[in-house]
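Before any comments, here is the structure.
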Amino acid sequence: MSITMKADGLTGFVTLDNPPVNAIGKAMREGLMEAVKWAERENFDRVIVTGAGRAFAAGADAREFDGAALEPFLPDVCDAIERSFVPWVAAINGVALGGGAEIALACRMRIAGPKAQIGLPEVTLGVIPGAGGTQRAMRLCGLESALEMIAFGRPLRATEALKAGLIHAVEVDPVDAADMVNTEELQCVVPTWELPPPDHDEAAFTAIREKLAKRSPGQVAPLRAVEVVEQGLTLDFAEAMALERATFLELKQGDQSRALRHMFFAERAAKPPKDLPSAPELTEVAVVGGGTMGAGIAYACLSLGLPVTLLETDADGVERAEANVGKLIGDGVARGRLSEDGEEALRARLTATTDYAKAANAPLAIEAAFEDMEVKKAIFAQLDAALSPDAILATNTSYLDVDEIAAGTRDPSRVLGLHFFAPAHIMRLLEIVKGAQSSPKALATGYALGKLLKKVPVVAGVCDGFIGNRIYSRYREAADTVFMDGSTPWEVDEAMVNFGYAMGPYEVADLSGLDIGYAARRRQDATRDPNRRYIPLADRMYELGKLGKKVGAGWYRYPGGGGKVEDPIVADLALEEAHFAGIERTEYDEAQIVERLTLAMINEATDVLAEGIAQSAADIDLVTVFGYGFPRWRGGLMHYADTLGVPQIVERITALQAEDPVAWKLSPVLADCAERGLSLAEWSPV
Ligand code: T1G
């Protein structure tokens with residue numbers, strides 16, 4: 001499918017028709033080229049182009065980007081539309097993104113429906129607009145709006161686009177409205193390319209570059225897009241278009257675009273397997289525990305219209321739970337996400353109680369109580385008794401054994417883990433932990449909740465830390481090892497921020513609280529490999545009461561006012577411990593820090609893959625990006641590993657074994673990939 005053409009009097013109707021969102025592939029470009037010729041043959045007084053279904057057009061078909069560009073190229077299609085003597089009117093019925101917006105910008109007029117959006121999100125795929133967006137947008141809406149649109153890729157709503165000058169009108173029925181435009185008026189509209197470019201505005205370019213340095217550090221495409229816009233101001237249109245095209249073609253072959261496209265499609269592939277049964281209708285949800293996580297989960301469900309029974313142990317607990325949810329509602333109102341009515345309706349859907357019978361009809365219960373096995377088993381026994389035998393019982397535990405929890409219930413097949421990430425109503429990752437006996441119906445229910453909450457669902461097997469926390473624990477261990485052997489926490493954090501994380505591991509630990517890591521390490525004492533080097537620095541911090549930001553001091557000091565300062569006492573701690581351990585400390589440079597922390601994660605992640613805890617390398621990419629802040633423009637941990645290349649990784653880990661053969665024991669999957677000449681994305685057990 002590509003486009004349909006229909007004549008009605010002197011009007012030609014062209015409909016972009018490539019379900020589900022009218023991505024613009026070769027066939028559609030050919031169809032549009034044909035439509036231009038058809039309209040001229042028929043000597044129409046206008047062509048009205050619109051989209052079939054819910055979208056106008058989602059942009060160029062990103063699946064074509066891996067191969068060589070195929071003619072007709074989209075910029076040529078846009079030029080043909082724009083220069084035709086038959087004027088085209090874009091009736092923007094839905095999202096017009098990337099190439100979809102560029103087709104609209106090449107039309108003589110643009111009329112949008114009230115729900116339409118127009119955007120140039122190419123940088124989110126690591127490229128720049130490649131069909132005139134960098135040159136046409138600024139001619140229509142001026143430099144500042146165009147730079148903002150292109151550099152950050154945020155689409156404009158119809159009313160915003162009208163205000164910015166990108167479109168001529170917002171109409172309930174844009175096709176009808178386009179049909180009623182006066183022909184003479186239409187003929188008088190100057191084609192976009194003939195409009196003069198805006199004057200150069202140094203302040204605008206300085207401002208956008210400063211914003212990009214803060215919001216998109218490390219990303220190449222946004223800066224290149226700004227460059228092409230700036231150069232376009234002084235080039236003639238054709239030269240500017242050639243520059244834009246060359247830049248687009250160069251970037252689409254680059255690592256960052258490949259990584260961002262990988263993430264785009266991996267996120268959309270995170271769907272329930274086709275053989276899962278349909279899930280029970282989620283008419284309501286029970287949540288056990290109204291603490292930070294429970295309140296966040298409850299609020300997420302409430303916000304999507306689900307009634308929630310929030311179960312607590314006593315009246316105080318109920319009061320605290322209501323207050324915690326109330327705070328989230330208040331935040332929602334303050335941020336304008338909740339209207340007055342919305343707030344009232346949401347509060348009305350919440351029942352906080354100690355009475356489990358109130359949750360009797362819930363098809364799903366999510367336990368989010370204290371991370372203690374006995375506490376959880378007691379709760380599951382109550383849920384078992386109070387809810388229907390068909391109800392699915394989920395635990396939000398972040399590391400406890402889901403199978404052990406399930407074993408305490410009458411029917412372990414209805415138990416699974418649903419591991420949310422704090423803040424539960426914001427973080428998109430949802431680890432669906434599949435117990436040994438979790439039924440397909442239980443899994444389907446987890447997916448259904450994930451879809452409802454717009455989460456990125458990833459199935460994990462049962463082990464300590466499932467996928468994400470297990471990999472993260474190696475990241476933390478490697479960081480503490482580098483700290484012990486030579487660097488400071490702030491040097492480690494700076495290295496990882498420059499690698500692309502929003503925050504380094506020490507600042508993250510200070511935010512989440514050092515007591516969490518301490519409890520995890522104590523839990524692992526009994527099963528830890530006695531031959532594995534143990535770094536005591538985080539324990540020392542705990543013993544010193546340096547629990548992080550919440551107490552004003554952790555790896556950093558927080559003197560008040562929001563900032564953090566390096567703490568020489570912490571740096572000295574490593575000197576002291578290293579001295580006791582007889583360690584000759586080494587000054588690591590940034591590259592060495594990044595290498596150690598990323599290779600430690602990659603090595604552990606390939607074990608996670610080997611053991612079937614994760615079902616694919618792409619799933620590990622989703623977990624690391626959506627749950628732990630791995631830079632999306634590096635494609636997630638395993639995609640990044642494949643850009644390094646398995647042979648290089650094996651060589652470097654082998655070299656590091658000289659420092660510590662236990663910590664750097666090579667994962668069998670890495671060895672297997674090296675032997676079979678496979679990438680991690682290609683690996684599967686033979
Ligand atoms: N290319 C290929 N497939 C696409 C696609 C695209 N641009 N957009 C969506 N799909 C697929 C998607 O993979 C999924 O497939 C299905 O459509 C539904 O998508 C020259 C170079 C439009 C807001 O960056 O933002 O134009 O999983 O699940 O939630 O300058 O899709 O069903 O098999 O996301 O309703 C610029 C990307 C491209 C927009 C709809 N365009 N798409 O969201 O559905 S580069 C974009 C989106 C470009 C030009 C440049 C969203 C959406 P499947 P979905 P949705």
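The values are calculated or read from the model by the stated rules, or taken from the named source; none is laboratory data. These numbers come from a predicted model, not from an experiment. Note that each Cβ is placed from the backbone with ideal geometry, even for glycine, and that neighbours are counted across all protein chains shown. Side chains included, ligands, DNA and RNA excluded: accessible areas come from the protein's heavy atoms. Shrake-Rupley method; radii C 1.70, N 1.55, O 1.52, S 1.80 Å.
For the reader, a short list of remarks on this structure follows.
- Placing +1 on each Lys and Arg Cβ and -1 on each Asp and Glu Cβ, with no other charges, gives the stretch 536-686 a dipole about its Cα centre of roughly 620 debye.
- Part-to-part distance (alpha-carbon centres) for the stretch 625-648 and the stretch 302-371, which is given in Å: 37
- Acute angle (nearest 10 degrees) that the helix 440-452 long axis makes with the longest principal axis of the chain, alpha-carbon atoms: 50
- Dividing the convex hull volume of the alpha-carbon atoms in the stretch 141-215 by its residue count gives 104 Å³ per residue.
- Protection-proxy order for peptides 97-104, 17-24, each taking the mean of Cβ atoms within 10 Å per residue, highest first: 97-104, 17-24
- Relative to the dominant Cα principal axis of the chain, helix 292-303 is inclined by about 30°.
- Where only DSSP H runs of four or more residues are counted, the chain gives -15000 deg cm²/dmol as its mean residue ellipticity at 222 nm, each run worth -39500 (n - 2.57).
- Surface composition of the chain: carbon and sulfur atoms hold 54% of the protein heavy-atom accessible area at a 1.4 Å probe.
- Per-residue extension of 0.36 nm, minus the Cα-Cα distance of Glu344 and Asp464, leaves a gain of 39.1 nm for this segment.
- Peptides 478-484, 266-272, ordered by how many other C-beta atoms sit within 10 Å of their residues on average, highest first, read 478-484, 266-272.
- Whole-Å distance, taken between Cα centres, linking the stretch 195-249 and the stretch 436-455: 44
- Cross-link reach list, lysines versus Lys252, counting only Cα pairs under 26 Å and skipping chain neighbours closer than eight places: Lys26, Lys211, Lys214
- Phe370 accessible area, assembled protein chains, probe 1.4 Å, Å²: 150
- Placing a pseudo-label 7 Å from each Cα along the Cα-to-Cβ vector at Ala246 and Ala381 gives an inter-label distance of 7.5 nm.
- For the stretch 534-654, the relative contact order comes to 13 percent (Cα pairs under 8 Å, sequence separation of at least 6).
- When peptides 383-389, 33-39, 120-126, 593-599 are ranked by their average number of other Cβ atoms within 10 Å per residue, the highest-first order is 120-126, 593-599, 33-39, 383-389.
- Phi-based couplings in Hz for the stretch 404-421 (Karplus 6.51, -1.76, 1.60; Gly and Pro marked x): 5, 5, 5, 4, x, 10, 5, 9, x, 5, 9, 9, 8, x, 10, 8, 8, 10
- Calculated on the Cα set of the stretch 84-156, radius of gyration then Dmax: 11.6, 35 Å.
- Pairs of Cα atoms farther than 17 Å apart, the stretch 461-538, %: 48
- Comparing Thr354, Asn182, Gln615 along the charge dipole axis of the chain, the residue lying farthest to the positive side is Thr354, per the Cβ-charge model.
- Surface accessible to a 1.4 Å probe, per residue, for the residues of the stretch 474-538, Å²: 40
- Accessible-area rank, largest first, for Glu281, Glu312, Glu64, Glu566: Glu281, Glu566, Glu64, Glu312, with all protein chains present and a 1.4 angstrom probe.
- In order along the stretch 454-466, the Karplus-derived 3J(HN,Hα) couplings, from 6.51 cos²θ - 1.76 cosθ + 1.60 at θ = phi - 60°, round to 6, 8, 9, x, 9, 7, 10, x, 8, 6, 5, x, 6 Hz, and Gly and Pro are given as x.
- Fully extending the segment from Asn43 to Asp314, taken as 0.36 nm per residue of separation minus the present Cα-Cα distance, adds 89.7 nm.
- Between helix 133-152 and the chain: long-axis angle, C-alpha atoms, 0 to 90°, nearest 10: 0
- Options Gly563, Ala581, Gly552, ranked by Cα towards positive dipole end of the stretch 521-608, top entry (Cβ charges): Gly552
- Accessible area in the full protein assembly, largest first, 1.4 Å probe, for Arg335, Arg470: Arg335, Arg470
- Amide hydrogen neighbours beyond the local backbone of Ala7, cut-off 5 Å, H modeled: Phe13
- Paramagnetic reach from Met373 in the stretch 584-621 [backbone N under 16 Å; point 7 Å along Cα→Cβ]: none
- Nearest-20 debye value, the chain charge dipole, Cβ charges on Lys, Arg, Asp, Glu: 1040
- Only lysines eight or more places from Lys163 in sequence, or on another chain, were considered; those with a Cα closer than 20 Å are Lys115.
- Applying the Kirkwood pairwise sum to the alpha-carbon positions of the stretch 173-256 produces a hydrodynamic radius of 15.8 angstrom.
- Semi-axis lengths, Å, the chain, gyration tensor of Cα atoms, sqrt of 5 times eigenvalues: 48, 32, 24
- Computed from the Cβ-Cβ distance with R0 of 41 Å, the FRET efficiency linking Ala27 to Ala436 stands at 0.30.
- Once both labels are positioned 7 Å from their Cα atoms along Cα-to-Cβ, the gap between Lys211 and Arg652 label points is 3.5 nm.
- Placed amide H near Ile24: partners under 5 Å, 5+ positions off or other chain: Ala58, Gly59, Ala60, Asp61
- For the pair Gln592 and Lys358, the difference between a 0.36 nm per residue extended length and the Cα-Cα distance amounts to 78.6 nm.
- Share of Cα-Cα pairs in the stretch 355-427 lying beyond 18 Å, as whole percent: 33
- Alpha-carbon centroids, the stretch 153-177 and the stretch 60-113: separation in whole Å: 16
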